[in-house]
Amino acid sequence: MLETRPRLALDYRTAKSITHDYDRMVLGEGIATLFAVPIVVAGTPRGVLYCGSWGQAPGAEVAARPAVAVADAVADELRIRDEVERRLSRARLEPAAEAMPAVAREQLRETYAELRRIAADVRDAGIRERLTRLHEKLAPASPADFEIGMNASLSPRETDVLACAALGSTNAQIGVALGLKETTVKSYLASAMSKLDASTRHSAVAKARRAGILP
């Protein structure tokens, strides 16, 4: 399991490379040669197949080839099962997005961006906090591509700028909407793209949506 490779004990009774913790069971069955094949999926061992022979088999390496093939087949089955489970888990997060028409989803995104703009302009801390809680509820409301495990933390202003960019606004238009200089908008966008490991604003928007940051 630790070495993630097959190991052979040609003469189990005298082998010095094993612990002999299971001598009573193995030798009690009269097993002379023991072959262990790990089942490895994506570099992680998931189990071990053991093959035993009552006689000492000089050609054990050749005889063990079918066991290696079986271990590979089991690994493939586990890999497929893991992928199916991953897709099913993701599908369980998608019904709301699939049920939401494209027009409604776009309206949701426009509403989200507008709420962020309003919250940024509000002076009253209490009202601003209420607006913040509201748009935080809207962010993951359309999880069509929600991806478990993504963990990017954007600042409020980075999110504001990205929410506007998601609507197709230019840097100049974002600057007017948020009361920022165009150079400042570029700086926030660059920072958000860096945190999301995105090379373009479109990629940053897509990743932010998968992370549940934007609707």
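What follows draws every value from the coordinates through simple rules; no lab data is involved. The shown structure was predicted, so the numbers you read here are calculated from the model rather than taken from an experiment. Positions of Cβ are backbone-derived with ideal geometry, glycine not excepted, and every protein chain shown enters the neighbour counts.
Things worth noting here:
- Computed over the alpha-carbon pairs of segment 1-69, the distance histogram in 10 Å steps reads 21, 51, 26, 2 percent, short to long.
- Inter-label distance, S194 to V103: 4.2 nm, where each label sits 7 Å from its Cα along the C-beta direction.
- Segment T111-E77, extension gain: residue separation times 0.36 nm, minus the distance between their alpha carbons: 7.7 nm
- Pair D124, S187: separation of 7 Å Cα→Cβ label points (nm): 3.2 nm
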